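Here it is, the structure, as structure tokens.
Throughout, read-outs are computed from the coordinates displayed, never taken from laboratory work. Note that this is a predicted model, so its numbers are computed, not measured. Counting neighbours? That spans all protein chains shown, and the Cβs are built from the backbone with ideal geometry, glycine included.
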Amino acid sequence: MTEKIALTPKTHTVPPAKFSHGVKKGTILQVAGQVGFLPHEEGKPPTPAGPTLREQTLQALANVQAILEEGGATWDDVMMIRVYLTDVDHFAEMNEIYNAYFEEQNLTQPPAARTTVYVGLPPGLLIEIDALAVLG
Amino acid sequence: MTEKIALTPKTHTVPPAKFSHGVKKGTILQVAGQVGFLPHEEGKPPTPAGPTLREQTLQALANVQAILEEGGATWDDVMMIRVYLTDVDHFAEMNEIYNAYFEEQNLTQPPAARTTVYVGLPPGLLIEIDALAVLG
Amino acid sequence: MTEKIALTPKTHTVPPAKFSHGVKKGTILQVAGQVGFLPHEEGKPPTPAGPTLREQTLQALANVQAILEEGGATWDDVMMIRVYLTDVDHFAEMNEIYNAYFEEQNLTQPPAARTTVYVGLPPGLLIEIDALAVLG
């Protein structure tokens with residue numbers, strides 16, 4: 001039987017509940033929904049990188065990346081990115097930040113597919129991102 | 001060619017439309033969005049397990065589990081659980097119910113990754129859950 | 001290493017941003033969120049097929065299908081379809097259109113699992129659809 005491995009980067013808390021920040025089984029790697037929380041500091045509550053869409057988007061992407069790397073994957077392996085925004089008016093700015101971010105990643109494979117929808121999130125959070133990767 | 005198998009537990013209706021409650025193909029098993037409807041009774045319309053978040057969450061999880069089992073899978077095989085709530089204020093209570101539920105499942109593998117977002121659902125429904133599993 | 005292939009049907013623009021309309025890697029094919037935009041015409045902005053749910057649903061399904069076909073897949077390979085609507089009152093009509101559409105596809109395998117939730121979308125758009133397929 002193929003083992004399912006929990007992915008818990010050093011930047012993340014030990015999951016406070018019965019979920020994993022990411023899991024890998026065989027060639028499939030799934031990253032849980034990441035918001036713009038700064039790297040965990042012992043004894044501190046989860047804290048957003050800042051109030052702006054830019055700060056939270058870049059932090060959420062960094063949080064996804066940390067989980068990918070914990071599983072031996074890179075953005076090149078990512079098939080699907082789901083972006084949850086709270087406000088339709090944030091779409092253009094998110095796209096700009098997203099594009100600039102991925103320009104800098106020097107992908108060697110085509111970028112992931114993506115779906116963006118507008119939902120509710122807990123107060124203060126403007127974006128949540130999850131990702132599905134296929135390795136190998 | 002690998003066969004795609006429809007998963008239709010005895011607790012569920014024959015799908016009333018052109019979708020499957022779950023499908024399995026090779027090692028991939030996908031569970032459709034499950035709400036808190038009680039096991040189907042011939043001639044009765046779909047009926048929520050109750051008006052509370054607790055009743056609906058536990059029933060939705062049971063409905064997901066029935067489809068997993070129909071496909072020869074268990075919660076241990078689940079990579080991703082998507083939780084759709086209608087109210088941000090339900091998050092803490094859902095987490096509590098979710099954690100207690102999975103404590104009782106005696107998982108032998110790490111728990112699934114998870115994304116929770118807040119959306120609209122048909123009147124009376126407070127939660128919808130779907131799941132992606134990798135078997136073997 | 002298995003190559004990740006971008007799927008860009010002739011009906012679609014070259015992606016204007018760092019995402020792919022669809023990607024295929026090994027047996028996994030992921031279609032990005034498709035809305036009811038008509039096939040791209042050089043120099044014209046993205047234009048919905050019409051203001052109605054029927055027009056937009058059929059066009060979004062056609063757009064998903066174009067990406068599947070670009071990757072050598074058919075609806076028979078699709079495991080999961082995610083339907084995002086903006087209005088709970090659209091559910092019955094969407095189901096009717098969806099069922100009639102898939103009746104006409106002459107599937108030889110069980111239909112995909114599905115999750116439908118109600119979210120915000122950019123002004124004028126009533127539906128978004130994405131899909132996960134497993135080939136072979």
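Quick one: which residues, 5+ away or cross-chain, put their amide H under 5 Å from the amide H of residue C:127? H built at 1.01 Å from N.
C:36
Which ³J(HN,Hα) values in Hz, rounded to whole numbers, follow from the phi angles of the range C:74-82 under the Karplus curve 6.51 cos²θ - 1.76 cosθ + 1.60, where θ = phi - 60° and Gly and Pro get x?
Here the 3J(HN,Hα) series is 10, 4, 4, 8, 7, 8, 9, 10, 9 Hz.
Tell me, what HN-Hα J-couplings in whole Hz come from the Karplus equation 6.51 cos²θ - 1.76 cosθ + 1.60 at θ = phi - 60° for each residue of the range A:125-132, using x for Gly and Pro?
Each residue's phi maps through the Karplus curve to give 9, 10, 8, 9, 9, 10, 8, 10 Hz.
Now for a separate question. Restricting the count to DSSP beta bridges whose residues both fall in the protein assembly as shown, what percent are antiparallel, rounded to a multiple of 5?
If we restrict to bridges inside the protein assembly as shown, about 75 percent are antiparallel.
Okay, next question. Figure the gain on full extension for residue B:99 and residue B:38 (residue separation times 0.36 nm, minus the Cα-Cα span) and round it to one decimal in nm.
Roughly 19.8 nm would be gained on extension.
Going by the rotation axis that takes chain B to chain A, pick out the residue of B with the closest C-beta and quote the gap in whole Å.
Nearest residue, distance rounded to whole Å: B:119, 3.
If you don't mind, there's one more thing I want to ask. At a Förster radius of 35 Å, what calculated FRET efficiency corresponds to the Cβ-Cβ distance of residue B:106 and residue A:91, to the nearest 0.05?
Plugging the Cβ-Cβ distance into 1/(1 + (r/R0)^6) gives 0.20.
Between residue A:13 and the same site in the other copies, what are the distances in nm, shortest first, taking label points 7 Å from Cα along the C-beta direction?
Taking the point 7 Å beyond Cα along Cα→Cβ, the inter-copy spacings are 4.0, 4.1 nm.
So, in the range C:4-134, how many Lys pairs have Cα atoms under 18 Å apart, if the pair is 8 or more places apart or on different chains?
Eligible lysine pairs with Cα atoms under 18 Å apart amount to 5.
Kindly give the distances from residue B:39 to its copy-mates, label point to label point, with each label point 7 Å from Cα along Cα→Cβ, as nm values to one decimal ordered shortest first.
Distances to the matching label points in the other copies: 5.1, 5.1 nm.
Calculate how many DSSP beta bridges within chain C are antiparallel, expressed in % of all such bridges and rounded to the nearest 5.
75 percent
When the C-alpha atoms of the range A:4-134 are aligned to their principal axes, what extent does each axis show, in angstrom, from largest down?
Largest first, the range A:4-134 extends 40, 39, 24 Å along its Cα principal axes.
Let me ask something else about it. For chain B, what relative contact order do you get, as a whole percent, if you take Cα pairs closer than 8 Å and at least 6 residues apart?
It rounds to 31 percent for chain B.
While we're on this one: Please list the equivalent ellipsoid semi-axes of the protein assembly as shown, computed as the square roots of five times the alpha-carbon gyration tensor eigenvalues, in descending order and whole angstrom.
Calculated on Cα positions only, the semi-axes equal 27, 27, 22 Å.
Could you give me the ³J(HN,Hα) list for the range C:6-23, computed from phi with Karplus coefficients 6.51, -1.76, 1.60 and θ = phi - 60°, whole Hz, x at Gly and Pro?
7, 9, 10, x, 4, 6, 10, 5, 4, x, x, 9, 7, 9, 10, 5, x, 9
Could you identify which residue out of C:111, C:46, C:122 has the top mean-square fluctuation in a GNM of chain C using Cα springs shorter than 10 Å?
Sorting by GNM fluctuation, first place goes to C:122.
Report the charge-dipole magnitude of the protein assembly as shown in Debye, nearest 20, computed about the Cα centre from +1 at each Lys and Arg Cβ and -1 at each Asp and Glu Cβ.
Dipole magnitude for the protein assembly as shown comes out near 620 debye.
Taking a ≥ b ≥ c as the square roots of the Cα gyration tensor eigenvalues, with a/c under 1.5 meaning rounded and otherwise prolate when a/b beats b/c, else oblate, which class fits the range A:34-76?
oblate
Roughly speaking, what is the stretch gain from residue B:2 to residue B:47, that is 0.36 nm per residue apart minus the C-alpha to C-alpha distance, in nm to one decimal?
Length gained between residue B:2 and residue B:47: 12.6 nm.
Dipole magnitude of the range A:40-136 about its Cα centre, charges +1 at Lys/Arg Cβ and -1 at Asp/Glu Cβ only, in debye to the nearest 20?
Around 200 debye, computed over the range A:40-136.
If we hang a label 7 Å off Cα along the beta carbon direction at residue B:105, how far is it from the matching labels on the other copies, in nm, shortest first?
2.8, 2.8
If you don't mind, there's one more thing I want to ask. Using alpha-carbon positions, what is the distance between the centroids of the range A:55-114 and the range B:84-136, in Å?
24 Å
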